[in-house]
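The values are calculated or read from the model by the stated rules, or taken from the named source; none is laboratory data. Bear in mind the structure is a predicted one, so any value in this text is a computation, not a measurement. Quick reminder, even Gly has a Cβ in these numbers, built from the backbone with ideal geometry, and neighbours come from all protein chains shown.
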Amino acid sequence: MKKTSKIYTSLIFIFLYLPIAVLILFSFNSSNSTNSMAGFSFKWYKELFSDGATLLALRNTLILAILSAIIATVIGTLAAYGISRMKNKHVKNTILTVNNIPMMNPEIVVGISMMLLFVFVGRMINTSSTLGFGTVLIAHVTFNIPYVVLSVMPKFKQMDRHLPEAALDLGCTPFQSFYKVEMPQIISGVISGFIMAFTLSIDDFIISYFTIGSGFETLPIRIYSMTKKRVTPDMYALSALIFLSILILLIISNFTGNSNTVKDKKPVTLKQKKTKRIVIASTFAAIAVITGAVFISTATAETVVVNVYNWGEYISDGSNDSYDSIGAFEEYYSDVLTEEKGHKVKVQVNYTTFTSNEDLYAKMKSGVGGYDVIVPSDYMIERLKNEGLIQPLDLNNIPNYKYIKDQFKKPFYDNGEETYSVMYTYGIVGIIYNTKYVDEADIGGWDLLWNNKYSGHILQFNNARDAFGSAMYKLGISVNNATETEWRTALGELKKQKPLVQSYVMDEIYNKLESEEAWIGAYYAGDALTMMYNNENLAFYYPKNQKGEFATNIFADAMCIPAGVDSESKKHAEAFINFMLSEEAAIANAEYIYYGSPNSLVTENSDYKEYLGDDYYVIYDPDIENNIDTLFSGYAYRNLSADKLALLNNLWEELKVDSSSFSGGIYIISGVIALGITGFIVFCYVNKVRRRRMYWSKNAKNSK
Amino acid sequence: MNKKSLIQKAAASPHIVWSVLFIIAPLIFVMYYAFTDKDGNFTFSNFTELFQASYLEIFMRSVCFAFLATVLCLIIAYPIAYFIAKAKPKTQKILIMLVMLPMWMNFLIRTYSWMALLEDTGIINTFLGIFGIGPIHMINTAGAVILGMVYNYLPYMIIPIHSVLSKVDNRLLEAAADLGSNPFTVITKVVFPLSVPGIISGITMVFVPSISTFYISQKLGGGNFDLIGDTIERQFQTAYNYNLGASMSFVLMLIIIVSMTIMNKYADDDGGVII
Amino acid sequence: MNEKKIIELKGVSKTFDDEIILDNIDLKVYEKEFMTLLGPSGCGKTTTLRIIAGFVTPDNGEVLFDDVKINDVPPHKRHVNTVFQKYALFPHLNVYENIAFALRLKQKKEKLSEEEIYERVEEMLTMVNLRGFEKKDVNLLSGGQQQRVAIARALINKPRVLLLDEPLGALDLKLRKDMQNELKNIQRRTGITFIYVTHDQEEALSMSDTVVVMANGKIQQIGSPTDIYNEPENAFVADFIGESNIIDGVMLDDFKVRFSGHEFECLDKGFGKNEPVDVVVRPEDVDVVPVDKGMLCGVVDSVTFKGVHYEIIVTINKFKWMIQSTDYVAPSQKIGIYVEPDAIHIMKKSEFSGMFGDYSSFSDELEHLSDVTEEEE
């Protein structure tokens, strides 16, 4: 290679490997930041191996990949055989065209189309948990089959039809002929099909995202829910390990694999053949061992499963040496059940997370969840209750309910006769700002989010209700009873704000504010304190509206049980809720989440008070504590009527797609390039026709 | 013979059944949802809704972004595929392996780590800051979204082009030189036309995921550049409007089918168009 | 052929991966000559051709074209064109455009009109008998037709020299004979110098004005076909060209040679007294005679009917002779042989002496087979 080409090639490889280098670098970060290096440490690698959820996700991913690849390989190989021996061209082409659809169709369309099928079937057979392991498996097999077919088909095509005949002629039985003659011909295609299927399945996110349900989380899905908030460096550590192992695998296969290139036509030695066989055999052995281990580990005694669907990072899960409230529950409750039933019972909590109430609602509404405990917010609870999607709780099974302080027992969203929810946390939205960049004179109101001075450093909620809420609190519009014109006024305000906004975020706000990438954003008090702890330049206040009145959102999240849960599972779900109200778990969660707790066992605990220090009075501001009822009625979001909801969704779409001047340049560039290409093609085509006309016409003359 | 052909027919049947159940049926459901309203009545309103200026803009934007990403990928990938194809067989094998290696890493996490690179306080700007340059605003721009697409899908362009180029018979290049082509015209008149099939499959493999992506634009565009994929995802995961989402998917499929058909029509001429 | 010299190689050497491919080659090519480079695979003939075409740069030595050194002139600037082994037709172009390729390249610079191009292409097509194939896809043509397109494509530029690299190698026997004649005709008609590479000695003998026999990266002999056949310079040439019996002998004196225990008269002189030499006797020059009249005698091993003649293998003094005779003799029969003085050709000893054992006839296929067995060891 010449010098320029070497430089060019190196540049491209730098481009390809830059982000990977970054993530490997940050996997050694001693702080939990993913964009500034604090120091070198191995702690995230240690963390990784104690992160049960991530390891479980890794295991799930492997099971799914192996199973789907095996099924796809069997179906695909058979199909390749059948198709290649098919005589009717028409049928053959039709089958191949259909076969290609999952490859040619955008993944998102494949994903949603399967989701629609599953949802529909789920409704037909009236089950509450259509989506789950089975559906992801079907989806993965579906997009794997085409690749297997495509890699095996050519092998069947190349195979000499007379080979099996020759084998039979030489005395093979038909089985021997397949095993000794046909099999070796296609095996390389089958193996490469299997490997491709395995890889695709391991890496798939989009299709899994739409077809996955409760109780089963793959690694990409886990990464996705983490990137919505903050990716902890242990995920980087995992990626670094995966990268390293693939690299080693490739190097080994490259050096043991016989390099039978044109240039050095060295014959394959027996030794090389042997090593190659050993590599293949050991790969399969490894796969077999993993599968075996997985099946053994899943096929133990009676297992009671509780599917919990909660917000991301919303429970003390044992990370950073904290109390593992899920593990503690599993242990405690399996003892209880074992004693009750007289034989060994294992309790397993499948804990998965969502990122918005609307996510949760979509899952509940489509009936695909299969969850036993969910933790929606106030207005969503009201909506779910009105639509009959959650069921009343049996408070006899939740004795710890008595520790909930009275003012939180009958909140506005659940003040009927029956109790549908047990409050988990509550909190208040405030504005976080960076004292280094933001002038103290500008703070105090919602106006700060609209302040020109800080253009490009302001964050807004990436969630319709909260984003509109910020505008409405600012303007003094009621967030619950606004008229359509008032909603549109709020939209106008948000459109005005849009050019100033750096990005629309949810949990990404942590990173953006802590790294000082952004300076201003509205978020929940507890989270604000966490951010302030990580970056001391950050400060926080409860904002006022333009009239100078205290006006901001207060919310509560509460544990509920979906309507479809049967009485047996409901009992377990209630046991889970009860356990979360017990002293140790409740305090651990409150310390972890940093939101307000409605539990008197928590708020009156002296260790907890000591742990929070001054923050205690930010979270449990006495003003709020004493007026919780009025606050809830005045400032919490209420469930909106169907047409208001539709309006909200439409206005949100309008805001999101509104892009005054952003992409103008892009259109012009695209247009120019497109014109250029079309022009070039037309030019070439005309030129070609002109040339050809010569010998077309002359030939025509000659032949006459 | 009869028995054998029966086996042969039966061999494909699990695949056929599977395809009907899980490829064709789901697509029928997309159509069904696209042409019905919430109560299951037949309607065109999902499509008329798409003709609002805002949705048209999203479609336009997605097509443009995907188009630019594809063009950039082609421009970047072609020379490198060519250089790799020119290298020694052993080097070639290693380089191609290196091109594919990043694809084994989860694409979410790779995209996420671009954020750390591109932010105003990110690694690149910190680095430039040492020399007193910047900070250059990169993240949350259209450029960042396109960069994300190019980054993620570049290998899909390099590999098919390389595999075609590496199969181009060296004697054809010698023949061209022998007949008077200088090194430049050897590329334009012989190498390029011969690599058209690779280019076509590269374009397909980059354009389709680019136009339908929903993660890259959210992360690198800061939610300011919604694409079709984001909008569809929102309909299914948060807005709970399956019908609108299905109609968008339907239109997305149409866009892809139409653009692929146009391109393949040219490809049928086997690059002869260019000469 | 004492016309104008067009190409000259002076002391050209080439090494690939420490393997000497060409070792100090000197070669002169004259105008309007049909020259064949003949030799077994790996002898360096193709490399020589590629050096002339410009695809390979020699490590040492000079390549002269019209007495101008062209070592560093790239292929596209040389006035030579090549017909490649297996043709190397452009699969993306039809027959017409393949042939027009060279003209298209200079269409702009030389302001060639479409008409002119058309005329030239048609002329070429006529020459190779492919009128009416203009729009055909080259991938769908038969081997012979592709061959013709390749020739037309290379000739359209009116090169001074046409290089042909085993052009008929992929054709079947019958077609090959036809194409040989056609090539020869084309060469005569156009007056272009042809440098033709082949490993087929029959092809070389029947087509060429000059044959260059190569082996081990060296030129073994340059000469007209008859010279090469009748006066081989060493055992290799004798063996490679036609069938021969190569026997160790001693030159007793001028016109006197001794081999197989018998003294023969011959027409060669100028060797040292009692100098060991290689003696070549062509099988068709040996007469079968009764034992008592024979100069040598031996027992017939086998007899094979070959149509025109019988091929008789006779063991004489532990050496198996091959004899071609129109008379039948029975196996195991004792016969005598008689060799005319002018049928005896004396060669100096060379590196190839003794390599060929009994009667020999070179076979490329056998050579390949032996290569493979070596590789598998």
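Just checking, does the range A:127-141 include any residue being at pLDDT 85 or above, surrounded by 20 or more Cβ atoms within 10 Å (Cβ to Cβ) and more than 23 Å from the chain's Cα centre (by Cα)?
No; the residues of the range A:127-141 include none that is at pLDDT 85 or above, surrounded by 20 or more Cβ atoms within 10 Å (Cβ to Cβ) and more than 23 Å from the chain's Cα centre (by Cα).
Limited to the range A:418-448, what total is found for residues that are assigned to a helix (DSSP H, G or I) and in contact (Cβ under 8 Å) with a residue 40 or more places away in the chain?
Just the residues of the range A:418-448 that are assigned to a helix (DSSP H, G or I), to begin with: A:440-442, A:446-448.
Retained after the next criterion (residues that are in contact (Cβ under 8 Å) with a residue 40 or more places away in the chain): A:446-448.
Of the residues in the range A:418-448, 3 are assigned to a helix (DSSP H, G or I) and in contact (Cβ under 8 Å) with a residue 40 or more places away in the chain.
With under 21 Å from C:Asp239 (Cβ atoms), of a type outside the set (A, V, I, L, M), assigned by TED's automatic domain parsing to the domain that holds C:Phe356 and touching a strand residue (DSSP E or B) at 6+ places or on another chain (Cβ under 9 Å) as the only criterion, which of C:Gln324, C:Gln333 stands out? Please lay out each step first, then the result.
On the way: C:Gln333 fails: under 21 Å from C:Asp239 (Cβ atoms).
One residue alone meets the criteria, C:Gln324.
Based on this model, can you work out whether A:Ile432 counts as touching a strand residue (DSSP E or B) at 6+ places or on another chain (Cβ under 9 Å), modelled with pLDDT of 90 or more and either of a type in the set (Lys, Arg) or surrounded by 14 or more Cβ atoms within 10 Å (Cβ to Cβ) (or both)? Don't jump to the end; show me each part of the working.
Values: touching a strand residue (DSSP E or B) at 6+ places or on another chain (Cβ under 9 Å): yes; modelled with pLDDT of 90 or more: yes; either of a type in the set (Lys, Arg) or surrounded by 14 or more Cβ atoms within 10 Å (Cβ to Cβ) (or both): yes.
Taking the combined requirement at face value, the residue satisfies it.
Any chance you could count how many residues in the range B:58-78 are crowded, with 17+ Cβ neighbours inside 10 Å and at the interface with another protein chain (Cβ under 9 Å from one of its Cβ atoms)?
Residues in the range B:58-78 being crowded, with 17+ Cβ neighbours inside 10 Å and at the interface with another protein chain (Cβ under 9 Å from one of its Cβ atoms): 10 in total.
Pick from the range C:147-164 the residues that are part of a helix (DSSP H, G or I) and within 11 Å of chain B (Cβ to nearest Cβ): which of them is surrounded by the fewest Cβ atoms within 10 Å (Cβ to Cβ)?
The initial filter retains those residues of the range C:147-164 that are part of a helix (DSSP H, G or I), namely C:147-155.
Add one more test, that the residue is within 11 Å of chain B (Cβ to nearest Cβ), and what stays is C:150, C:153-155.
Values: C:Ala150: 25, C:Arg153: 32, C:Ala154: 26, C:Leu155: 22.
Ranking the candidates gives C:Leu155 first.
So C:Arg131 fits all but one of (1) touching a His at 6+ places or on another chain (Cβ under 8 Å); (2) within 11 Å of another protein chain (Cβ to nearest Cβ); what number is the exception?
It is condition (1) that C:Arg131 fails.
Pick out the one residue from A:Leu25, A:Leu58 that is at the interface with chain B (Cβ under 10 Å from one of its Cβ atoms) and in a helix (DSSP H, G or I). Walk me through how you get there before you give the answer.
Values: A:Leu58 fails: at the interface with chain B (Cβ under 10 Å from one of its Cβ atoms).
The match here is A:Leu25.
For residues that are more than 7 Å from chain A (Cβ to nearest Cβ) and in contact (Cβ under 8 Å) with a residue 60 or more places away in the chain, scanning just the range B:80-98, find the one that is surrounded by the fewest Cβ atoms within 10 Å (Cβ to Cβ).
Going through the qualifying residues, I end up with B:Gln92.
Residues that are away from chain C (no Cβ under 14 Å), at pLDDT below 90 and over 19 Å from A:Gly456 (Cα atoms): which helices (runs of 4 or more DSSP H) entirely in the range B:110-182 hold 2 or more of them? Spell out how you get there, then give the answer.
On the way: elements: B:123-130, B:142-165, B:170-178.
So the answer is B:123-130.
What helices (runs of 4 or more DSSP H) lie completely within the range C:12-127 and have 2 or more residues being away from chain B (no Cβ under 14 Å)?
Numbers: elements: C:45-53, C:95-105, C:114-127.
The qualifying helices (runs of 4 or more DSSP H) are C:45-53, C:114-127.
For the range A:368-403, how many residues meet the condition of being in contact (Cβ under 8 Å) with a residue 40 or more places away in the chain, in a loop (DSSP other than H, G, I, E, B) and either in contact with a Gly (Cβ under 7 Å, 6 or more places away or on another chain) or acidic (Asp, Glu) (or both)? Walk me through how you get there before you give the answer.
Taking the range A:368-403 first, the residues in contact (Cβ under 8 Å) with a residue 40 or more places away in the chain are A:368-384, A:386, A:388-391, A:393-394, A:397-401, A:403.
Then drop every residue that is not in a loop (DSSP other than H, G, I, E, B), which leaves A:368-372, A:375-376, A:388-389, A:393-394, A:398.
Filter once more, keeping what is either in contact with a Gly (Cβ under 7 Å, 6 or more places away or on another chain) or acidic (Asp, Glu) (or both): A:368-370, A:372, A:394.
Number satisfying all stated conditions: 5.
So B:Ser249 clears everything in (1) facing chain A (nearest Cβ under 8 Å); (2) touching a residue at least 60 places away in the same chain (Cβ under 8 Å); (3) not in a helix (DSSP H, G or I) except one condition, right? Which one?
(3)
From (1) free of Cβ contacts under 8 Å to residues at least 40 places away in the same chain; (2) crowded, with 18+ Cβ neighbours inside 10 Å; (3) under 23 Å from A:Met235 (Cα atoms), pick out the condition that doesn't hold for B:Ala177.
(3)
Among the residues of the range C:260-292, how many are in contact with a Leu (Cβ under 9 Å, 6 or more places away or on another chain) and touching a residue at least 12 places away in the same chain (Cβ under 8 Å)?
Start the filter on the range C:260-292 by keeping residues that are in contact with a Leu (Cβ under 9 Å, 6 or more places away or on another chain), which leaves C:260-263, C:273-274.
The next check asks that each one be touching a residue at least 12 places away in the same chain (Cβ under 8 Å); those that pass are C:260-262, C:273-274.
Total satisfying the criteria: 5.
Residue check, A:Leu475 against (1) in contact with a Ser or Thr (Cβ under 9 Å, 6 or more places away or on another chain); (2) more than 24 Å from A:Leu647 (Cβ to Cβ); (3) not β-branched (Val, Ile, Thr), all met but one. Which one?
Going through (1) in contact with a Ser or Thr (Cβ under 9 Å, 6 or more places away or on another chain); (2) more than 24 Å from A:Leu647 (Cβ to Cβ); (3) not β-branched (Val, Ile, Thr) one by one, A:Leu475 breaks only (2).
Tally the residues that are more than 10 Å from chain B (Cβ to nearest Cβ), within 34 Å of the chain's Cα centre (by Cα) and modelled with pLDDT of 75 or more, restricting the search to the range A:651-697.
Count: 1.
With (1) closer than 30 Å to A:Met114 by Cβ; (2) assigned to a helix (DSSP H, G or I) as the list, and A:Gln407 as the residue in question, which single condition is left unmet?
(1)
Could you please find all residues in the range A:405-417 being surrounded by fewer than 22 Cβ atoms within 10 Å (Cβ to Cβ) and touching a residue at least 60 places away in the same chain (Cβ under 8 Å)? Spell out how you get there, then give the answer.
Pass one, the range A:405-417, residues surrounded by fewer than 22 Cβ atoms within 10 Å (Cβ to Cβ): A:405-410, A:412, A:415-417.
Those that are surrounded by fewer than 22 Cβ atoms within 10 Å (Cβ to Cβ) and touching a residue at least 60 places away in the same chain (Cβ under 8 Å): A:Lys405, A:Gln407, A:Phe408, A:Phe412.
Which is facing chain B (nearest Cβ under 10 Å), modelled with pLDDT of 85 or more and either farther than 24 Å from A:His140 by Cα or assigned to a helix (DSSP H, G or I) (or both), of A:Ile246, A:Ile251, A:Ile202, A:Ile207?
Result of the check over A:Ile246, A:Ile251, A:Ile202, A:Ile207: A:Ile202.
Tell me the helices (runs of 4 or more DSSP H) entirely within the range A:62-169 that contain at least 1 residues that are over 30 Å from A:Glu182 (Cβ atoms) and of a type in the set (A, V, I, L, M, F, W, C). So that I can check it myself, show each step before the final result.
Details: elements: A:89-104, A:107-124, A:133-158, A:162-169.
In the range A:62-169, the matching helices (runs of 4 or more DSSP H) lie at A:89-104, A:107-124, A:133-158.
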